[in-house]
1. Among the numbered conditions (1) surrounded by 14 or more Cβ atoms within 10 Å (Cβ to Cβ); (2) part of a loop (DSSP other than H, G, I, E, B), tell me where residue 191 comes up short.
2. One residue is enough: does segment 191-199 have a residue meeting the conditions closer than 18 Å to residue 283 by Cβ and modelled with pLDDT of 95 or more?
3. Looking for something farther than 19 Å from residue 191 by Cα, surrounded by fewer than 17 Cβ atoms within 10 Å (Cβ to Cβ) and in contact with a helix residue (DSSP H, G or I) (Cβ under 6 Å, 6 or more places away or on another chain) - is there at least one such residue anywhere in segment 68-89?
4. Looking for whichever is out of contact with any strand residue (DSSP E or B) (no Cβ under 8 Å at 6 or more places or on another chain), outside the structural domain of residue 312 (by TED's automatic domain parsing) and either at pLDDT below 95 or within 28 Å of residue 350 (Cβ to Cβ) (or both) here; the options are 241, 210, 188, 233. Which one fits?
5. Scanning for something surrounded by 24 or more Cβ atoms within 10 Å (Cβ to Cβ) and in the same structural domain as residue 106 (by TED's automatic domain parsing), does segment 138-148 turn up at least one residue?
6. Say whether the condition of being modelled with pLDDT of 95 or more, farther than 14 Å from residue 361 by Cβ and part of a loop (DSSP other than H, G, I, E, B) is met by at least one residue in segment 62-71.
7. Do we have residue 169 as under 18 Å from residue 88 (Cβ atoms) and part of a strand (DSSP E or B) here?
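The values are calculated or read from the model by the stated rules, or taken from the named source; none is laboratory data. On a predicted model such as this, the values are computed, not experimentally measured, just so you know. Positions of Cβ are backbone-derived with ideal geometry, glycine not excepted, and every protein chain shown enters the neighbour counts.
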């Protein structure tokens, strides 16, 4: 292709991305904050995952490989954590409790693992029973492969649905032209298992020759947010786009979410990936961000503690270092609001059993948003 044609193509894509940005709701700052932010857990580096235990204590994963229990104002390191491959974006990632944790004590973890014959690592899912300050009965439920020494796009979030199925995400590991569209390869997908690691008989690709039977959706890029929608029970995710084109998607079994064949983003160099934002047979996002906010962590607000927030989504922004509130009408974003401006890289956000919001910020710790009276 001649240089002049490449130039015209580039500017056409940039105009398209600019128009796409204008179609999205602009993010606003709040007129009157409805909370004060209290630094509850100090001195954390990259608090990737966090869950609230029935007694009100917090279980927190540090990407470097530690799980910490925060209880009565003190942090205690949990023993028995699996060996973690720390490279680039890989390390100890998400945590989730079994729906019947109070009875069975199962804690689920996603992490980068070196297990396998190849050098490097890939995302693994394991569970262990919490016994005081110790993990016991460690079981690896899924290990993606093949390993690679690349440091990009491990994912990964974990969630359970109302029927007790376990969902998890794995990023495409920097192999965008290989992994996301290939059902025989791990990466760039959402997966579904029974809680003990068995493959559900009705998974969409169980009877597809050559496909990995744990796959639930494909064509995903690097999902780092996942929730069970509190009203519909659907599994919602958000995923990183490249330069522009972060997305919120609803996981529908067997669907292709398009990466890298369709996207609202461009390469980090500024060159185009594709001129297509939709294609027959590919599921469109319900929302996209241009420019990218680099979303990490997500929760749906069901609490009445914060006036006007019930029904909203909260999403952390790594790039712009704030917490974003998306006011929703069903699947439609009505309004975007910027909270905790310049607080730092927001890695995760959770609503606790107490109805309060907890926000994990890199290099600082866990903040609790205390409603103003």
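1. (2)
2. Yes, segment 191-199 has at least one match.
3. Checking segment 68-89: not a single residue is farther than 19 Å from residue 191 by Cα, surrounded by fewer than 17 Cβ atoms within 10 Å (Cβ to Cβ) and in contact with a helix residue (DSSP H, G or I) (Cβ under 6 Å, 6 or more places away or on another chain).
4. Of the residues listed, the single one that is out of contact with any strand residue (DSSP E or B) (no Cβ under 8 Å at 6 or more places or on another chain), outside the structural domain of residue 312 (by TED's automatic domain parsing) and either at pLDDT below 95 or within 28 Å of residue 350 (Cβ to Cβ) (or both) is 233.
5. Our first condition is that a residue be surrounded by 24 or more Cβ atoms within 10 Å (Cβ to Cβ); within segment 138-148, this holds for 144.
Applying the additional criterion that residues be in the same structural domain as residue 106 (by TED's automatic domain parsing) yields 144.
Yes; the residues of segment 138-148 include at least one that is surrounded by 24 or more Cβ atoms within 10 Å (Cβ to Cβ) and in the same structural domain as residue 106 (by TED's automatic domain parsing).
6. yes
7. yes
Here's the yes/no breakdown for (1) in a strand (DSSP E or B); (2) in contact with a strand residue (DSSP E or B) (Cβ under 7 Å, 6 or more places away or on another chain); (3) at pLDDT 95 or above; (4) closer than 30 Å to residue 245 by Cβ:
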| position | (1), (2), (3), (4) |
| --- | --- |
| 22 | no, no, no, yes |
| 48 | yes, yes, yes, yes |
| 82 | no, yes, yes, no |
| 112 | yes, yes, yes, yes |
